[in-house]
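The values are calculated or read from the model by the stated rules, or taken from the named source; none is laboratory data. Computed from a predicted structure; not experimentally measured. As a convention, Cβ positions derive from the backbone with ideal geometry for all residues, glycine included, and neighbour counts pool all protein chains shown.
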Ligand SMILES: Nc1nc2c(ncn2[C@@H]2O[C@H](COP(=O)(O)OP(=O)(O)OP(=O)(O)O)[C@@H](O)[C@H]2O)c(=O)[nH]1
Ligand SMILES: [K+]
Ligand SMILES: [Mg+2]
């Protein structure tokens, strides 16, 4: 348990004015501060309603709820206090000013409550990352995934894997000890490998599934591509429900890549409008075409639009093909293409249904264990050591033991037991004040 000498406080609810404002305190002086304002220390974990006063003047600042959570059974592990106020700007300002005047109290920095919870072993690094994602979650899929991470889904799995590793390591070390005595320790090694092989497979599955988790967290990228004047910008505006992109009958209207954030079937989506693909003598348009191709190739999904039957270049062969301007008649929609009129709206439901199905195939199902590059890289390292640890060392079992130790260290890094200092500052700095 890390003891911090100072007591921090902050407005933990949103920006005033709001219906209710919650001010949190954490540290050794939290109880005394709550008592100073509310007159008595509330019974632990029970809300007490009453006047909240400035102890210096006796003036009533507000009437509200006071709570006290004694450490270590609190959110941060320290003594924690909460004041639930009327969410007016002046009310909140008066209470914060009063708290700041008490000895040993100071305003909290960004993420400082969470940092104390982490320091006191209330949360591990992956749970802190889950909490950061939960606060930032905008879609249903992001909320589910972040809640699983914040609730320790990855931490528990790591603990299981680590237990298996420790068991395998004990077997390998025993085999090394026995071999010193001249015995052939084949069954011990076989027993260790029987633990290592399925463990290596399980970690590898989680690493492979990480792309799905990262897509849920960051959003799926969907690029609209096609020849000039196919109606790409018109479709982007239709899906976005606003005039985000310039539409005109002039081919080559769109030059830069335009990005629109939206939610599709509970998933975060970044929809890209791109320049029409064609040979051009205009240097600016050439650059637009280059960017269009690059972004479309890197996208998770591509919508290929054409008002004729132009087919996508080989690099975009996987695209969903859309025949636009169906209201103008023209030849029949080619097999496998979706017919669309952005003007009448015909075909848009089929197009969205197809997009949702493809998005679901990319990111759907139970929340992925891993949703950040940092977690994936540490896990991939563990996976590499485990794969090697499953191999044949020609009797040099100390090499197997070393791979197992390195795998354990990489697993520890996922949950922040080792080598965390560099990630901590960036992570806590991204939290809001009061969290
Ligand atoms: N009749 C009809 N016209 C359409 C439809 N969709 C787009 N258009 C028209 O087609 C022209 C080109 O539309 P844009 O959305 O600018 O096409 P674009 O693919 O973005 O074009 P560039 O950015 O120049 O590559 C505009 O005049 C649109 O009004 C449609 O469904 N039906
Ligand atoms: K155009
Ligand atoms: Mg356009």
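Of the residues 243, 183, the single one that is modelled with pLDDT of 95 or more and more than 11 Å from ligand 3 (Cβ to nearest atom) is 243.
Determine whether residue 188 is in a helix (DSSP H, G or I), assigned by TED's automatic domain parsing to the domain that holds residue 400, in contact with a helix residue (DSSP H, G or I) (Cβ under 9 Å, 6 or more places away or on another chain) and without any contact (Cβ under 8 Å) to a residue 60 or more places away in the chain.
When the stated conditions are applied, residue 188 passes them.
Scanning the stretch 329-339 for any residue that is away from ligand 2 (no atom under 16 Å from the Cβ), closer than 24 Å to residue 220 by Cα and either touching a residue at least 40 places away in the same chain (Cβ under 8 Å) or assigned to a loop (DSSP other than H, G, I, E, B) (or both) turns up at least one such residue.
Rundown of residues vs (1) within 16 Å of ligand 3 (Cβ to nearest atom); (2) without any contact (Cβ under 8 Å) to a residue 12 or more places away in the chain; (3) touching a strand residue (DSSP E or B) at 6+ places or on another chain (Cβ under 9 Å); (4) not assigned by TED's automatic domain parsing to the domain that holds residue 140, yes/no style:
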position	(1), (2), (3), (4)
311	no, yes, yes, yes
342	yes, no, no, yes
377	no, yes, no, no
403	no, no, no, no
406	no, no, no, no
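For the stretch 192-236, the set of residues classified as at negative phi and within 16 Å of ligand 2 (Cβ to nearest atom) consists of 224, 225, 227, 228, 230, 232, 233, 234, 235, 236, listed by residue number. Of the numbered criteria (1) within 16 Å of ligand 3 (Cβ to nearest atom); (2) not in a strand (DSSP E or B), the one residue 281 fails is (1). When the stretch 207-234 is filtered for residues that are near ligand 3 (Cβ under 9 Å from one of its atoms) and either touching a strand residue (DSSP E or B) at 6+ places or on another chain (Cβ under 6 Å) or under 25 Å from residue 356 (Cβ atoms) (or both), the ones remaining, listed by number, are 224, 230, 231, 232, 233, 234. Taking the criterion of being exposed (fewer than 15 other Cβ atoms within 10 Å of the Cβ), within 23 Å of the chain's Cα centre (by Cα) and assigned to a helix (DSSP H, G or I), the residues of the stretch 396-435 that qualify are 421, 422, 425, 426, 429.
Any residue at all in the stretch 82-93 that's farther than 30 Å from residue 124 by Cα and touching a helix residue (DSSP H, G or I) at 6+ places or on another chain (Cβ under 7 Å)? Yes: one or more hits. Cβ-Cβ distances below 6 Å connect the following pairs, each with a first residue in the stretch 263-286 that is in the same structural domain as residue 228 (by TED's automatic domain parsing) and modelled with pLDDT of 95 or more, a second residue that is assigned to a strand (DSSP E or B) and within 16 Å of ligand 2 (Cβ to nearest atom), and a separation of six or more residues or different chains: 273/224; 273/258; 274/225. State the number of residues belonging to the stretch 234-278 that are more than 13 Å from ligand 1 (Cβ to nearest atom) and not in a strand (DSSP E or B). Residues meeting the conditions: 4.
Count, please, the residues in the stretch 208-228 that happen to be assigned to a loop (DSSP other than H, G, I, E, B), buried (at least 23 other Cβ atoms within 10 Å of the Cβ) and near ligand 1 (Cβ under 9 Å from one of its atoms).
Number of matching residues: 1.
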